[in-house]
Amino acid sequence: MSGLILCGKRSTNPYLIKESGINIYTVEELCYYLYNNTYMITKEFFCNELAEYIKNELELPSLAQKLKYSIDHNGELLQMVMDVLSSNEYYTVEDRESIEKTLVALGSKSKSERMKARADMLLERKKYLSAANAYKEILAVKDEVYSSDFIATIWNNIGITYIKQFLFEDACRCFKTACDIDRQEDYFDNMVCAAIFSTNDNLLDDIVAQYQITEAMLSQYMAAIESNKKELVKTKEFTEVKDRLIYDGSKEFIEYKKDVQKIFNLWKEEYRLENM
């Protein structure tokens, strides 16, 4: 989506989206909400109250009629979402096709599965803070009963978001929670490695004692970490950054400082985007 978009009718009275506590005043705001909360939208979102609001406050009787028909005849969620998005030009055809594919992929997933899919997407896109909050929202839901392995997965994934933010102690505690719920090898490995990276000797000692980790096992973890470090320094990305950070006298010092500042600015921007 790009360019200047003129919004249609702006209502005097807002429509409150109860699930999120957000007020909307235009159909464009409704489109924005649907597009950015795809994983949270269910059929229950589309109700007679919303249809009446669209008809009377936004003065879009044709759209309201379509939604009312779908509501009364147990219509498909996909159709109702697309009816709203297609009622104006807030999103491009490509944008609408993207959300349509997402909705088709979600199919008949439960609320918790949809929430997890959204959190997984945020994690994949390196939005680590947002992903952590999204996973925590799943744990805060009181009207669903989760299996132990599902809860363990959520805690493990929260731990991964902390690892990506270098919050190793917090990550270790999350992995430990996951491991105590469902003793998976991956959770156990994550827990031990996070404890090692934390450089908190007390935390590592507690983990070693509680899980009876032998010196030989700990040595294996240390060796694996060192091996990964050696592989990391061989990567193209690492080499390029290292070469730019080390001053070798091949250019003016002022140019070298500018290159270093560009790297720092890039890192700061990446961090900012990750925590939006």
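For segment 138-143, 3J(HN,Hα) computed residue by residue from phi via the Karplus equation (6.51, -1.76, 1.60; θ = phi - 60°) reads 5, 5, 7, 5, 9, 9 Hz, glycine and proline entered as x. Charge dipole (Cα centre; +1 on Lys/Arg Cβ, -1 on Asp/Glu Cβ; no other charges) of segment 204-267 amounts to roughly 360 debye. Determine which residues of segment 170-195 fall in the zone a paramagnetic label at Met217 would reach in this model, i.e. backbone nitrogen under 20 Å from the point 7 Å along Cα→Cβ. Under 20 Å, as judged by backbone N against the label point of Met217, lie 171-195 of segment 170-195. Label-to-label distance, Glu59 versus Glu240, with points set 7 angstrom from Cα along the beta-carbon direction: 5.3 nm. Where the centroid of each part is defined by its Cα atoms, how far is segment 194-255 from segment 20-78 in Å? Centre-to-centre distance over Cα atoms comes out at 51 Å. Spread over its residues, the convex hull of the C-alpha atoms of the chain is 194 Å³ per residue.
Among the chymotrypsin sites (Phe, Trp or Tyr not before Pro) found in segment 215-264, those both in a DSSP coil and sparsely packed, with 16 or fewer other Cβ atoms within 10 Å of their Cβ, are Tyr247. Between Asp95 and Glu137, the contour length at 0.36 nm per residue exceeds the alpha carbon distance by 12.5 nm.
FRET efficiency for the pair Asp149 and Ile254, taken as 1/(1 + (r/R0)^6) with r the Cβ-Cβ distance and R0 = 51 Å, rounds to 0.35. Solvent-accessible area per residue in segment 130-218 equals 52 Å², computed with a 1.4 angstrom probe and all protein chains kept.
Are there any GluC sites (Glu not before Pro) in segment 183-276 that are in a DSSP loop and have at most 15 other Cβ atoms within 10 Å? List them by number. Of the GluC sites (Glu not before Pro), the ones in loops of segment 183-276 whose Cβ has at most 15 other Cβ atoms within 10 Å are Glu252.
Under 5 Å from the amide H of Ile17 lie the amide H atoms of Ile22, Asn23, Ile24, each residue being 5 or more positions distant or on a separate chain, with H modelled from the backbone and absent for Pro and chain starts.
Solvent-accessible area assigned to carbon and sulfur over the chain amounts to 52 percent, based on a 1.4 Å probe. Charged neighbours of Gln261, selected by a Cβ distance under 13 Å, balance to +2 (K, R count +1; D, E count -1).
Each of Ile213, Val145, Ile254 was placed along the dipole of the chain (beta-carbon charges, centred on the mean Cα), and the one lying farthest toward the positive end is Ile254. FRET efficiency for the pair Glu52 and Lys111, taken as 1/(1 + (r/R0)^6) with r the Cβ-Cβ distance and R0 = 30 Å, rounds to 0.75. What you get for segment 1-151, charging only the Cβ of Lys and Arg (+1) and of Asp and Glu (-1), is a dipole of about 320 debye around the Cα centre. Of the GluC sites (Glu not before Pro) found in segment 96-160, the ones in coil according to DSSP and having at most 15 other Cβ atoms within 10 Å of their Cβ are Glu144.
Sites counted here are trypsin sites (Lys or Arg not before Pro) in a DSSP loop (not H, G, I, E or B) having no more than 15 other Cβ atoms within 10 Å; the longest part of the chain that contains none of them is 19-108. Dipole orientation for the chain: of the candidates His73, Cys172, Val93, Val93 has the Cα lying most toward the positive pole (charges on Cβ; Lys, Arg +1; Asp, Glu -1).
Here the 3J(HN,Hα) profile of segment 193-206, calculated from phi with Karplus coefficients 6.51, -1.76 and 1.60 at θ = phi - 60°, is 5, 5, 5, 5, 5, 5, 6, 8, 4, 5, 5, 5, 4, 5 Hz, Gly and Pro shown as x.
For segment 37-176, the convex hull spanned by the alpha carbon atoms encloses 131 Å³ per residue. Rounded to the nearest whole Hz, the Karplus-based 3J(HN,Hα) values (6.51 cos²θ - 1.76 cosθ + 1.60, θ = phi - 60°) of segment 153-161 follow the sequence 4, 4, 5, 4, 5, 4, x, 5, 4, with x at glycine and proline. Only lysines eight or more places from Lys176 in sequence, or on another chain, were considered; those with a Cα closer than 19 Å are Lys136, Lys164. Note on Thr42 and Thr199: the model spin-label points, each 7 Å out from Cα along the C-beta direction, lie 4.7 nm apart.
If you place +1 on the Cβ of every Lys and Arg, -1 on the Cβ of every Asp and Glu, and leave all else neutral, what size is the dipole of segment 109-161 about its Cα centre, to the nearest 20 Debye? Dipole magnitude for segment 109-161 comes out near 240 debye.
The values are calculated or read from the model by the stated rules, or taken from the named source; none is laboratory data. Quick caveat: nothing in here was measured; it's all calculated off a predicted structure. All Cβ positions, even for glycine, are placed from backbone atoms using ideal geometry, and neighbour counts span all protein chains on display. Ligands, DNA and RNA are excluded from the accessible area calculation, which covers all protein heavy atoms including side chains. Shrake-Rupley method; radii C 1.70, N 1.55, O 1.52, S 1.80 Å.
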